[in-house]
1. What is the calculated FRET efficiency for ARG107 to SER351, with r their C-beta to C-beta distance and R₀ = 45 Å, to the nearest 0.05?
2. Grab the beta carbon distance between ARG179 and VAL268, set R0 = 35 Å, and tell me the FRET efficiency rounded to 0.05.
3. Computed FRET efficiency, Cβ-Cβ of THR358 and TYR328, R0 41 Å: what is it to the nearest 0.05?
4. Could you please rank THR305, THR277, THR230, THR295, placing first whichever residue has the fewest other Cβ atoms within 10 Å of its Cβ?
5. Tell me the chymotrypsin sites (Phe, Trp or Tyr not before Pro) within segment 195-237 that lie in a loop according to DSSP and have at most 12 other beta-carbon atoms within 10 Å.
6. Listing ARG66, ARG122 from the residue with the fewest other Cβ atoms within 10 Å to the one with the most, what is the order?
7. By how many nm would the segment from VAL204 to ASP146 lengthen if fully extended, with 0.36 nm per residue of separation less the alpha-carbon distance?
Amino acid sequence: MVKSRWKFAASALALAIAAPAFGQSVQDTPPEVENEIVVTGTYIQGTAKDTAIPLSVVSQEDIEKRGSPSVLDLIKTLPIAGPVLGDTNQFNAAANVRNGGGTINIRSLGAQRTLVLLNGRRFAAGTADTNLLPIAAIGRVEVLKDGAAATYGSDAIAGVANFITRTNVDGLEGSVDYRYVPGSDGGDYSGSLLYGYEGDGVRVLLSGAYQHRAELSVLERDWVLQPYLTSPAGWSGTGNPGAYTAYSGPGGTGTSFGYNIDANCTAVGGFSGFAGTAPVCYYQYMPFDNLVENTDQYQFYGEVTVALSDSIDFRVEALYASTKLPDYRVTSGYLASNGPTGPGTSFIVPSSNPGFNTFLALFRHLAVSE
């Protein structure tokens, strides 16, 4: 699985205005009362002390103190952020096969309602993948904790997270990080390089980063595999062994012995239960999955700013990022909706099946009783 994002932006004026859009509404009043105009937002600039803005800023110093080697780690330290993708997306329906992706979720209103900006501009259409942001180049994060739909649209109902790149880099910087994860295949590690130059009206910033997350099987965590009566969430009634409708004659003919659970259900680790009134052999599918997949992430970012005059800058930004998952483990059994020769046809259990003799003995008993 490979996910990539390209971003290229150029502007003749390096000026980012992140203020609410304005709208006006006029309320009808009786003739003897003057009309009242209510301004709900404005682009008129003011100083920070003139208005109360619910803004949270994570500075470069804060990032360094927190020791956040990835954007995911940084986001998880924000008190305003709710549950996010990025740690493991295997069992999250909201991931929608976005394994390796990350989100930010302000006030737990949903990632689709939180807008992500890079240097004041939209990072991507739709729900942005925060794991593609250039962590090595991030200088600070400004989180608008109030809704900003009037300015940015419905994807900013919960708020806005603006990731701003560094401007104080002069020379070459490098960093490495390693985290030992018990049970994982080698642990997690990352590395990055950052180069900055400023002089003669030109500012350059270049960065490259690599992050690796090692595979972590659910078998390495004993709290995952729980009995059915303790946690039925990791069990399915559509696996093998399952339940069968048996007939005394070939091809689904003759006397029916009803719907019965495979006699070896419990012996192979299943749980004999019911789905409504139908008997079901539940099987635990969790051992076939991983908590974390082998993941490789690459991020390359560059920007060049040229001062054309005292008030005008020319700025070019380019970003390439990629997330790769070479392997992806999933559960091994799903409900068979069709028979071997098409819809409505029957499966045949051969005598070589390990459960055949037990199954046959059961229905022979039923046949005698019948």
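1. 0.15
2. Working: r = 37 Å, r/R0 = 1.06.
My answer for the efficiency is 0.40.
3. Calculated transfer efficiency: 0.70.
4. Numbers: THR305 18, THR277 6, THR230 9, THR295 21.
Exposure proxy ranking, most exposed first: THR277, THR230, THR305, THR295.
5. TRP223
6. Ascending number of Cβ neighbours within 10 Å: ARG66, ARG122.
7. So the chain would gain 17.5 nm between VAL204 and ASP146.
Just so you know, all these numbers are worked out from the coordinates, no wet-lab data involved. Keep in mind that this is a model prediction, so the values were computed, not measured. We place every Cβ from the backbone using ideal geometry, glycine too, and count neighbours over all the protein chains shown.
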